[in-house]
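Asks: Below you will find the structure I want to go over with you.
The values are calculated or read from the model by the stated rules, or taken from the named source; none is laboratory data. Worth saying up front: this structure is predicted, and the values here are computed from it rather than measured. All Cβ positions, even for glycine, are placed from backbone atoms using ideal geometry, and neighbour counts span all protein chains on display.
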Amino acid sequence: MTEEDNCWIIVTGGQKGGTGKTTIATNLATLFAAMGWKVLLVNADNQRSLVTWNDQRAELGRETVEGQGKDFHELTLVSQFGKNLHKDVKKLTPQYDVAIIDAGGFDSTEFRSALLVADVLVSPINASSFDTWTLSQVHEIIEGAKINNPDLKAGLILNRVNASSVSEAKAALRAIVEDEEDPLESFFLYKKAIVNRNAYSRAPALGLTVHEMPRPDAKAKEEMVALQQEILEIFTAASEEAA
């Protein structure tokens, strides 16, 4: 966010596919919309998972939500690609309170470009498959982006964790990030891990998110709200620092 543009920018992305970045992007989008914020979703991933979700939302999501007597939150979705993605997105952001860029689960021109304008990165890490090499690669990309965007806050969040091994997975990831010989200093760790729950796979089939579902999974909703609150705290701190 800048003085001329009051829109916050969140990027979901990383080095590996299948880590749940689109799920996080959509859940954050609807939570911000429920606060009354104007939300822009940006698909920057050729796999188009976000576009598929949005199509389902238009057809089935509205009917499901309004059938519960709840308010249906409209979201704006655009697709942007290429090395000038950061410039193209900034042309749109003055109309919105928050933009969420789904930038793909791999190193790409779009991911690197998005980081040039991001306030926050949410990089999901599957608990069963993270490794030092992958994290080091993403870390190098982050450090490169910070040359031009020094205020970028880049966070890792554990995703699809078994409920019984959350503490163990957090400790293993922290050991990699805070390694004494080669620390990954440009990362912070989000406090809340996202547990492997059926709710996260059921909701997208309807173009919904976990808190919009009939009989929503309370624990899944709690996890996403906790992530949103951490991001809001980052926004607040950045605003106070800029004041």
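Asks: Taking the conditions exactly as written (under 24 Å from ASP5 (Cβ atoms), surrounded by 15 or more Cβ atoms within 10 Å (Cβ to Cβ), of a type outside the set (Lys, Arg) and within 16 Å of the chain's Cα centre (by Cα)), does LEU40 satisfy them or not? If you could, list the steps in order and put the result at the bottom.
Replies: Details: under 24 Å from ASP5 (Cβ atoms): yes; surrounded by 15 or more Cβ atoms within 10 Å (Cβ to Cβ): yes; of a type outside the set (Lys, Arg): yes; within 16 Å of the chain's Cα centre (by Cα): yes.
So LEU40 passes the test.
Asks: In segment 205-239, how many are in contact with a Phe, Trp or Tyr (Cβ under 8 Å, 6 or more places away or on another chain) and of a type in the set (D, E, K, R)?
Replies: 1
Asks: Would segment 222-234 turn up any residue that is more than 30 Å from GLY69 (Cβ to Cβ), modelled with pLDDT of 90 or more and surrounded by fewer than 16 Cβ atoms within 10 Å (Cβ to Cβ)?
Replies: Here is the first cut: in segment 222-234, the residues more than 30 Å from GLY69 (Cβ to Cβ) are 230, 233-234.
From the residues that got through so far, the ones that are modelled with pLDDT of 90 or more too are 230, 233-234.
Those left that are additionally surrounded by fewer than 16 Cβ atoms within 10 Å (Cβ to Cβ): 233.
Taking every residue of segment 222-234 in turn, at least one turns out to be more than 30 Å from GLY69 (Cβ to Cβ), modelled with pLDDT of 90 or more and surrounded by fewer than 16 Cβ atoms within 10 Å (Cβ to Cβ).
Asks: Same structure again: Take TYR190 and tell me if it is aromatic (Phe, Trp, Tyr) and in contact with a Leu (Cβ under 8 Å, 6 or more places away or on another chain).
Replies: Here the answer is yes, as TYR190 does meet what is asked.
Asks: Could you list, in sequence order, the residues of segment 167-202 that are touching a helix residue (DSSP H, G or I) at 6+ places or on another chain (Cβ under 8 Å), touching a residue at least 40 places away in the same chain (Cβ under 8 Å) and assigned to a helix (DSSP H, G or I)?
Replies: If the condition is that a residue be touching a helix residue (DSSP H, G or I) at 6+ places or on another chain (Cβ under 8 Å), touching a residue at least 40 places away in the same chain (Cβ under 8 Å) and assigned to a helix (DSSP H, G or I), then ILE176, VAL177, TYR200 are the ones that fit.
Asks: Is it true that PRO124 is crowded, with 20+ Cβ neighbours inside 10 Å and in contact with a Lys or Arg (Cβ under 8 Å, 6 or more places away or on another chain)?
Replies: Values: crowded, with 20+ Cβ neighbours inside 10 Å: yes; in contact with a Lys or Arg (Cβ under 8 Å, 6 or more places away or on another chain): yes.
Here the answer is yes, as PRO124 does meet what is asked.
Asks: When you go through ALA118, ALA99 one by one, which is the residue that is more than 21 Å from ALA203 (Cβ to Cβ) and in a strand (DSSP E or B)? Break it down into steps so the answer makes sense when it comes.
Replies: Details: ALA118 fails: in a strand (DSSP E or B).
Of ALA118, ALA99, the one residue that is more than 21 Å from ALA203 (Cβ to Cβ) and in a strand (DSSP E or B) is ALA99.
Asks: While we're here: Checking ALA145 against (1) free of Cβ contacts under 8 Å to residues at least 60 places away in the same chain; (2) within 19 Å of ALA220 (Cβ to Cβ), which test does it fail?
Replies: Result: ALA145 passes all but (2).
Asks: Can I ask one more? Pick out the one residue from LYS83, LYS90 that is charged (D, E, K, R), assigned to a helix (DSSP H, G or I) and either touching a residue at least 60 places away in the same chain (Cβ under 8 Å) or loosely packed, with under 15 Cβ neighbours inside 10 Å (or both).
Replies: Details: LYS83 fails: assigned to a helix (DSSP H, G or I).
Every option except LYS90 fails the conditions.
Asks: What is the residue count in segment 58-80 for residues that are in a loop (DSSP other than H, G, I, E, B) and under 26 Å from ALA226 (Cα atoms)?
Replies: Total meeting the criteria: 8.
Asks: Can you confirm whether segment 179-194 contains a residue that is of a type in the set (A, V, I, L, M), more than 16 Å from the chain's Cα centre (by Cα), over 21 Å from LEU115 (Cα atoms) and surrounded by 18 or more Cβ atoms within 10 Å (Cβ to Cβ)? Explain how you work it out, then say what you get.
Replies: The first filter runs over segment 179-194 and keeps only residues of a type in the set (A, V, I, L, M), leaving 184, 189, 193-194.
Next cut, more than 16 Å from the chain's Cα centre (by Cα) only: 184.
Retained after the next criterion (residues that are over 21 Å from LEU115 (Cα atoms)): none.
No: zero hits.
Asks: Still on this structure: Can you tell me which of ASP55, ASP107 is part of a loop (DSSP other than H, G, I, E, B) and of a type in the set (Asp, Glu)? Walk me through how you get there before you give the answer.
Replies: Values: ASP55 fails: part of a loop (DSSP other than H, G, I, E, B).
Criteria check complete, one pass: ASP107.
Asks: Okay, next question. Mind listing whichever residues of segment 203-226 are among the β-branched types (Val, Ile, Thr), assigned to a helix (DSSP H, G or I) and either without any contact (Cβ under 8 Å) to a residue 60 or more places away in the chain or closer than 16 Å to GLN56 by Cβ (or both)?
Replies: Answer for segment 203-226, where residues must be among the β-branched types (Val, Ile, Thr), assigned to a helix (DSSP H, G or I) and either without any contact (Cβ under 8 Å) to a residue 60 or more places away in the chain or closer than 16 Å to GLN56 by Cβ (or both): just VAL210.
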